[in-house]
Amino acid sequence: MASYYYFAATLPSLSQWTPVPFSHAEFLERASHFLKPADFATLAAASLFVPDDGATPRPAARLKLLTQYYRWERGLRNELTRLRAARLQKPVEKHLKPGDIEWDALRVAQAAFAADNPLEGELLIEKERWQTIERLSVNRYFNMDYLAAYALKLQALLRRERFKAAEGEAGYRIVYDSVLKSADYRNQTGDTK
């Protein structure tokens, strides 16, 4: 596996609480000048979320780190799907992605689902996602695993930067009000509203 000492050394360090140094597109633009085409394709395929079909993207499957990360992410999403379906008393099978149970992801999903509000749940997921990426990238320096982990962390920072409590609450209220207006429900007296 190729080493990219110079490129990796030019990247600012990332921590879970630092501001985002540049966009993901800028990161890929920088990487395009230093990486071999196959390695660049792998890096470009490193996405924070598993594709809709649940499969690891072919270029990303070249890296063990990305394969392990996608297994964790798929497990997290599957468990959240199970929990939500159980709450709504809906069938879940058609919404699950193929894959084995990932016990750590199951624990994270259950904790996030039990959070007091959606923002707390999302922040918990982001914290655990970061720790998972850190765990998977331990002792990886200057190689593709390091760069893939960097790409995932950068995307996580960008995602968390978009969390705004007031805007989230306003969006939630809009959706909730539209559901109430369109639903045929009965008030406490039994009369249809």
(request) Go over the candidates Glu120, Glu134, Glu161 one by one and state the one that is in contact (Cβ under 8 Å) with a residue 40 or more places away in the chain and of a type outside the set (Lys, Arg). (result) Glu161
(message) When you scan the stretch 66-82, do you find a residue that is outside any loop (DSSP other than H, G, I, E, B), aliphatic (A, V, I, L, M) and free of Cβ contacts under 8 Å to residues at least 40 places away in the same chain, even just one?
(response) yes
(message) Being more than 21 Å from Ala156 (Cα to Cα), among the hydrophobic types (A, V, I, L, M, F, W, C) and out of contact with any Pro (no Cβ under 8 Å at 6 or more places or on another chain) narrows it down to one residue among Leu65, Leu123, Leu88; which is it?
(response) Leu88
(request) Looking only at the stretch 44-51, decide whether some residue is over 14 Å from Ala156 (Cα atoms), in a helix (DSSP H, G or I) and touching a residue at least 12 places away in the same chain (Cβ under 8 Å). (result) yes
(message) Name the residue that is nearest to Met144 (Cα to Cα), counting only residues in the stretch 56-65 that are in a loop (DSSP other than H, G, I, E, B) and free of Cβ contacts under 8 Å to residues at least 40 places away in the same chain.
(response) Pro59
(request) Working carefully through the options Leu147, Leu83, Leu124, Leu119, find the one that is closer than 16 Å to Leu48 by Cα and in contact with a Phe, Trp or Tyr (Cβ under 8 Å, 6 or more places away or on another chain). (result) Leu147
(message) Just to verify a result, which residue in the stretch 137-181, among those that are hydroxyl-bearing (Ser, Thr, Tyr) and modelled with pLDDT of 65 or more, is surrounded by the most Cβ atoms within 10 Å (Cβ to Cβ)?
(response) Tyr150
(message) Name the residue that is modelled with the highest pLDDT, counting only residues in the stretch 19-36 that are part of a loop (DSSP other than H, G, I, E, B) and exposed (fewer than 11 other Cβ atoms within 10 Å of the Cβ).
(response) His33
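The values are calculated or read from the model by the stated rules, or taken from the named source; none is laboratory data. This structure is a prediction, so every number in the text was calculated from the model and none was measured. Note: ideal-geometry Cβ built from the backbone for every residue, glycine included; neighbour counts use all protein chains shown.
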